[in-house]
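The values are calculated or read from the model by the stated rules, or taken from the named source; none is laboratory data. Predicted model, so just to flag it, every value in this text is computed and none were measured. Here the Cβ positions follow ideal geometry from the backbone for every residue, glycine too, while neighbour counts run over all protein chains shown. Side chains included, ligands, DNA and RNA excluded: accessible areas come from the protein's heavy atoms. Shrake-Rupley method; radii C 1.70, N 1.55, O 1.52, S 1.80 Å.
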Amino acid sequence: MLDNLEGKNVPENIMKVIDEEIKRFMQMEKHHSEWQTTKTYLEYLTKMPYGVYSDENFDIAMAKDILDEGHYGMDDVKQRILEFIAVGKLNNSVHGKILCFVGPPGVGKTSIGESIAKSLGRQFHRISMGGDRDTSALKGFRRTYVGAVPGKIVRALKTVEVENPVILIDEVDKLGQRS
């Protein structure tokens with residue numbers, strides 16, 4: 001498991017947790033009820049993209065071309081996204097920013113998210129909340145529960161293998177609904 005951490009810049013406090021969990025796991029019998037949960041937890045801890053970032057691109061002309069290429073009309077939305085990227089260029093980061101898109105199905109909310117990621121030079125990941133009963137699926141479940149798994153955001157980071165992807169949380173309006 002530790003070979004997954006080679007070449008990564010793991011923060012000291014996280015490395016301390018990883019070491020403690022590995023010691024605990026090594027002493028655990030395979031038939032112990034927490035064995036699989038601990039193994040899954042360690043796999044996620046060691047496969048996270050510590051210190052791995054996409055290079056950011058704040059080229060507003062390129063972003064405009066990407067938005068125009070993929071989306072007809074939507075001038076107000078595209079203008080707001082270009083303003084967002086321009087502010088990111090001034091601050092040299094769009095770290096932690098949230099954009100909220102509202103509209104009926106099929107108007108292009110997801111594809112706009114993909115275009116934002118493409119124009120910034122970042123990885124893109126879509127998380128669907130449709131059919132989830134509550135936000136636990138997004139945040140993850142406590143390890144004390146049988147079959148506990150990390151949340152969708154942690155799984156997204158593992159999938160895209162960078163710390164700064166564009167993550168689209170989709171179908172928030174369907175949260176709590178059963179299909």
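Worth pointing out:
- Test result for I22, over 21 Å from the mean Cα position of the chain (by Cα), of a type in the set (V, I, T) and within 27 Å of L120 (Cα to Cα): no
- Residue match in the range 80-98 (condition: in a loop (DSSP other than H, G, I, E, B), among the hydrophobic types (A, V, I, L, M, F, W, C) and open to solvent by 100 Å² or more (accessible area, probe 1.4 Å)): yes
- Which listed residue, of V149, V107, is touching a Phe, Trp or Tyr at 6+ places or on another chain (Cβ under 7 Å) and at pLDDT below 90: V149
- Of residues in the range 137-146 being more than 16 Å from E171 (Cβ to Cβ) and either of a type in the set (F, W, Y) or at pLDDT 75 or above (or both), the one surrounded by the most Cβ atoms within 10 Å (Cβ to Cβ): G140
- Residue count for the range 11-36 under the criterion of being surrounded by 13 or more Cβ atoms within 10 Å (Cβ to Cβ) and farther than 19 Å from Y50 by Cβ: the result is 5.
- Scan of the range 1-31 for residues that are charged (D, E, K, R) and assigned to a helix (DSSP H, G or I), ordered by number: D3, E12, K16, D19, E20, E21, K23, R24
- Pairs meeting the criteria (first residue in the range 9-22 and of a type in the set (K, R), second residue buried (at least 16 other Cβ atoms within 10 Å of the Cβ), beta carbons under 6 Å, at least 6 apart or on different chains) are lacking.
- Answer residue from the range 42-79, given it is part of a loop (DSSP other than H, G, I, E, B) and charged (D, E, K, R) and is farthest from V166 (Cα to Cα) among those: D59
- One residue from V172, V160, V166, V102 being more than 25 Å from M62 (Cβ to Cβ) and in contact (Cβ under 8 Å) with a residue 24 or more places away in the chain: V172
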